[in-house]
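Everything on this sheet refers to the single structure shown next.
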Amino acid sequence: LSATRSKMSFPVESGHVALQHGRTYYETYTLAKDASDAGEYLHVMCIHGITLSSFVYKRLVLALLTLLNADGNRGVKITIFDLFGRGKSEAAPGDNTLDLFVTQVHELSEALGIKRMHVIGLSMGGAIAGVFTSRFPEQVTKLILVSPAAAPLQIPLLGRIVTLPYIGPSLYWMFGQRMMLARLQRERLKENFMYPERIPEIVEESIQSAMEQIQSHPGFVQAFHSTLTHFPLQTGVLEHLALIPHHIPVLVVWGEGDEVTPFAA
């Protein structure tokens, strides 16, 4: 475990952890607890979706720290990290399956010494968070699902073609990067934002982050294709969510106009 610290308005620890299937990049933001508080820190683990990295949580960290420390003396630690093949994490050898990502969350929490935590999952990260909770309920104090990809999703025709056996991987190997960049430049993540004109700075930051990942991460394109092929996006994970113990509070945040993971699903 290697880590570096930078000084902001609150301490930030960042680094890579060597896990079973590859090195995982993480950042932990800390709001120190009051000296009179003898209790443990409240830990929060944030899991992003299929495309963008942990970048999606960076603007939320300060708000979450403030919200979770509403009484003014509770210590809070929020950890964001990159799934395999995204951001600054290595691409894992083999298939990008649900089990791979659930194991990544479990091993990362153990490596960081987190015994109990709130878990937040966005989109595909919601599916991962839900299944993680069903398998390791003793580690989860609360589960928050944001537009979770838990129900079966309708995959576009092109997505189904590139996941066909034999021909799919070849097509994606030859044209995947160009297709992803062309779509990003053409659509500018418009399905990810309800009112992009209200938040142009956030939209532009997201586009630049996605473009950098597509162009610069040596394993991203293959990891993305492997996830499309092997993650249960078309079948969903609802049967796993049914196994979450009833004593664990679950909050679901979902927009009725969501076009990526439709609310009707």
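Of all residues in region 69-89 being in contact with a Leu (Cβ under 9 Å, 6 or more places away or on another chain) and open to solvent by 10 Å² or more (accessible area, probe 1.4 Å), which is farthest from Met211 (Cα to Cα)?
Per the stated criteria, the residue is Arg74.
Let me spell it out: the conditions are (1) under 26 Å from Leu238 (Cβ atoms); (2) open to solvent by 40 Å² or more (accessible area, probe 1.4 Å); (3) over 14 Å from the mean Cα position of the chain (by Cα), and Ser134 meets all of them except one. Which number is the exception?
Tallying (1) under 26 Å from Leu238 (Cβ atoms); (2) open to solvent by 40 Å² or more (accessible area, probe 1.4 Å); (3) over 14 Å from the mean Cα position of the chain (by Cα), Ser134 fails exactly one: (2).
Any idea which of (1) in contact with a Phe, Trp or Tyr (Cβ under 7 Å, 6 or more places away or on another chain); (2) over 20 Å from Leu19 (Cα atoms) is the one Gly87 doesn't satisfy?
For Gly87, the failing item is (2).
State whether the residues of region 146-162 include one that is in a helix (DSSP H, G or I) and of a type in the set (S, T, N, Q). Write out each step before concluding.
Our first condition is that a residue be in a helix (DSSP H, G or I); within region 146-162, this holds for 157-161.
Still in the list and also of a type in the set (S, T, N, Q): none.
No, that holds for no residue.
Could you list, in sequence order, the residues of region 90-131 that are of a type outside the set (A, V, I, L, M, F, W, C) and either part of a strand (DSSP E or B) or open to solvent by less than 10 Å² (accessible area, probe 1.4 Å) (or both)? Explain how you work it out, then say what you get.
Initially, region 90-131 is screened for residues of a type outside the set (A, V, I, L, M, F, W, C), giving 90, 93-97, 99, 103-104, 106-107, 109-110, 113, 115-116, 118, 121, 123, 125-126, 130.
Passing the criteria: Asn96, Gln104, Ser109, His118, Gly121, Gly125, Gly126, Gly130.
Which of the residues belonging to region 236-258 are in a loop (DSSP other than H, G, I, E, B) and surrounded by 13 or more Cβ atoms within 10 Å (Cβ to Cβ)? If you could, list the steps in order and put the result at the bottom.
Going residue by residue through region 236-258, those that are in a loop (DSSP other than H, G, I, E, B) are 236-237, 242-249, 254-258.
Once the filter is applied, which keeps residues that are in a loop (DSSP other than H, G, I, E, B) and surrounded by 13 or more Cβ atoms within 10 Å (Cβ to Cβ), region 236-258 yields Gly236, Val237, Ile244, Ile248, Trp254, Gly255, Asp258.
The values are calculated or read from the model by the stated rules, or taken from the named source; none is laboratory data. Since we're looking at a predicted model, the values are computed, not measured. Methodologically, a virtual Cβ is constructed for each residue, glycine included, from the backbone with ideal geometry; neighbour enumeration extends over all protein chains shown. The protein model used for the area step is the full one, side chains on, heavy atoms only, and it has no ligands, DNA or RNA in it. Shrake-Rupley method; radii C 1.70, N 1.55, O 1.52, S 1.80 Å.
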